[in-house]
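Nothing in this text is a laboratory measurement; each read-out follows from the coordinates by a stated rule. What you see is a predicted model, and the numbers here were worked out from it, not measured in a lab. Counting neighbours? That spans all protein chains shown, and the Cβs are built from the backbone with ideal geometry, glycine included.
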Amino acid sequence: MMRRLLATAFLLLTAASLPGKGEPQLTEQTRRSGGAIDPDQARLRFDAADLRVEVKPETVSLEATATLRFTARAPLDRLVIDLDRNLGPRTVAIDGVPLPASAFANPEGRLNITLPHRIAAGGTVTATIGYGGTPHIAVRAPWDDGMVWSKTPDGRPWIASTTEGSGCDLLWPCLDFPTGEPEVVTLHITVPKGLKAPSNGVLLGVDTLADGRTTWHWRVKHPNTYAIALNVAPYEVISGSYKSRYGNSIPLYYWYLPGEEAKAKALFAEFAPTLDFYEANVGPYPWGDEKVGVVETPHLGMEHQTINAYGNGYRKAPEGFDWLFQHEFGHEWFGNQLTAADWDDYWLHEGYAEYMQPLYGRWREGEARYATMLDAQRNQILDLRPIVSGQPRTQDDVYQLERGGPGADIYYKGAWMLHTLRNLIGDRAFRDVTRLTVYGRLEPRPGNFRPRYGTTAEYERDVRRVTGKDFGWFFDVYLRQAALPELIETRQGDRLNLRWQVPGGHPFPMPVEVQVDGRIVRVAMAGGTGSLVVPRHAHFVSDPFSRILKRSRAVEDFQAWKDSEARKAQAK
């Protein structure tokens with residue numbers, strides 16, 4: 001009994017000393033992801049990373065070694081690598097030769113390594129970094145980044161990482177900006193006995209150590225910088241294979257918690273039809289030679305390449321599919337295959353992924369479902385900031401309204417802009433623009449494309465290439481200003497006059513459909529104005545199918561009322 005009491009006391013003492021949510025604290029440098037690229041980091045091409053990580057639930061800590069290989073784009077005297085200072089490093093070696101402690105320093109989360117000799121342009125250098133400790137613990141993942149140390153319903157460890165906001169340096173030494181993707185990452189993840197560690201890419205094998213611990217070996221090609229993920233639990237797995245419409249077979253995997261087999265099978269049944277939708281409407285699944293992978297997590301979700309996090313609790317929805325799974329899966333195309341070159345272009349990830357939801361509803365059930373889902377998105381558009389600034393931005397610069405960012409408008413306004421563009425240029429042209437943006441080519445096939453970076457300017461060029469027309473006026477209004485265009489209607493006898501009112505007086509020649517007693521008339525709106533004959537007693541509706549994102553005073557009044565009600569509730 002005494003031994004049991006002492007053991008219990010030790011566990012309680014240990015638990016009391018363990019860090020809590022939001023700890024250890026991060027420096028401003030580590031919180032920052034993206035923005036202007038450090039000149040020294042711009043000199044590096046990231047060829048490969050080999051990460052050996054042991055996950056220790058009892059001490060909420062990691063023990064790790066990262067071996068990073070770079071090619072010099074220009075002569076190098078030092079390496080500058082992002083790494084949370086809470087993780088060290090403890091040791092650094094260059095090309096296998098250990099460096100003295102005086103040769104490296106990491107005071108603020110940007111590791112500076114003085115090289116023992118200059119690396120010429122075109123030369124390679126390999127850094128081996130030993131690091132570890134307690135990684136930052138998320139307060140509310142995935143909105144707040146870090147590790148989530150949770151428990152399954154029966155009390156076993158359930159662990160996950162999420163690093164989108166503050167970046168990859170929360171977990172491993174990396175280049176923390178969107179274009180800092182390594183060509184290949186190999187992971188060796190060691191976990192306690194009875195636990196599994198599904199991760200990115202292809203499983204190379206699992207080793208069982210003498211004490212029952214297991215090491216899981218994975219390899220992933222060209223991962224998004226924040227896509228590398230740790231997932232640890234006593235998972236069970238459902239697997240299968242999908243015969244693509246492009247002729248290749250794609251492995252499918254879902255790792256889920258024990259006791260949820262029926263729910264897990266229902267979610268797994270969504271994989272194939274969702275994959276078919278994306279391949280039909282966008283193009284080939286980019287990672288068909290690796291896998292479609294999904295893992296159940298103790299946070300809501302994240303687009304971790306080939307191992308998307310799912311934590312939606314198997315909720316049912318009237319549209320008949322799981323929005324969280326479908327959204328994160330869409331990022332395999334918009335985020336992982338196509339990566340925004342700068343966070344300023346982040347609408348390319350989220351606007352497209354959000355728009356794929358009503359498009360999938362339309363694919364499944366038709367126009368009524370599409371309209372219903374679009375309407376729900378429309379009511380969440382705030383129009384407080386322009387979607388793009390034209391300047392390098394950090395992730396926080398985009399997401400935080402108080403820092404001048406568009407916030408959630410990159411999702412909802414981005415989706416509605418794409419809806420408007422599709423109706424303006426037509427389905428075929430929209431598909432071609434999307435394929436050019438995602439694959440860099442109009443006829444993608446498995447094996448004939450590579451992951452790529454995209455920008456807003458490139459997207460505009462793709463639209464111009466496909467349509468043969470300059471739509472700068474369209475993107476100027478929807479991306480580079482906050483306020484929406486307003487359609488002004490005036491009657492003069494039997495004539496209805498229409499005029500687009502745009503802040504700043506920008507040209508906006510957006511054609512408008514008008515329904516007059518059930519008959520549809522298309523008004524060209526050259527120069528932003530147009531008119532048509534509407535008999536005095538006829539009923540008319542402008543833009544009856546809501547094909548255009550435009551100002552709605554009703555939506556503004558609704559949002560103001562909701563804000564007022566929320567403030568009243570908080571005051572009680």
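Some observations on this one:
- Note on segment 125-245: with charges restricted to the Cβ of Lys and Arg (+1) and Asp and Glu (-1), its dipole about the Cα centre is near 480 debye.
- Length released on extending from Arg428 to His506, taking residue separation times 0.36 nm less the Cα-Cα span: 25.3 nm
- Furthest towards positive pole of dipole, Phe545, His217, Ala120, structure part the chain, Cβ charges: Phe545
- Based on C-alpha pairs under 8 angstrom that are at least 6 apart in sequence, segment 92-172 has a relative contact order of 21 percent.
- Alpha-carbon centroid distance for the pair segment 447-511 / segment 346-389, whole angstrom: 17
- Dipole axis of the chain (+1 Lys, Arg; -1 Asp, Glu on Cβ), positive-most option in Gly167, Val294, Phe46: Val294
- Shape of segment 292-408, Cα gyration tensor, a/c cut at 1.5: oblate
- Full-stretch length increase - Lys568, Gln380 - with 0.36 nm per residue and alpha-carbon distance subtracted: 65.7 nm
- Alpha carbon centroid spacing (whole Å) that separates segment 531-572 from segment 91-163: 50
- The dipole here belongs to the chain: it is taken about the Cα centre, uses +1 on the Cβ of Lys and Arg and -1 on the Cβ of Asp and Glu, and is about 560 debye.
- Inter-part distance, segment 37-85 to segment 179-227, computed on C-alpha centroids, equals 16 Å.
- Sorted peptide list for 327-333, 390-396, criterion being average Cβ within 10 angstrom, highest first: 327-333, 390-396
- Remark: the Asp289-His537 segment gains 83.0 nm on full extension, using 0.36 nm per residue and subtracting the alpha carbon distance.
- Burial order of peptide ranges 451-459, 260-268 (average beta-carbon count within 10 Å, highest first): 451-459, 260-268
- Given in Å, the Rg to one decimal and the Dmax to the nearest whole number for the Cα atoms of the chain are 26.1, 97.
- The peptide list 435-445, 157-167, 237-247, put in order of mean Cβ contacts within 10 Å with the highest first, becomes 157-167, 435-445, 237-247.
- Out-of-range pairs (alpha-carbon distance over 21 Å; input Lys151/Lys316; Lys221/Lys265; Lys193/Lys265; Lys413/Lys550): Lys151/Lys316; Lys221/Lys265; Lys193/Lys265
- Simple Cβ-charge dipole of segment 44-149, Lys/Arg +1 and Asp/Glu -1, about Cα centre, in debye nearest 20: 300
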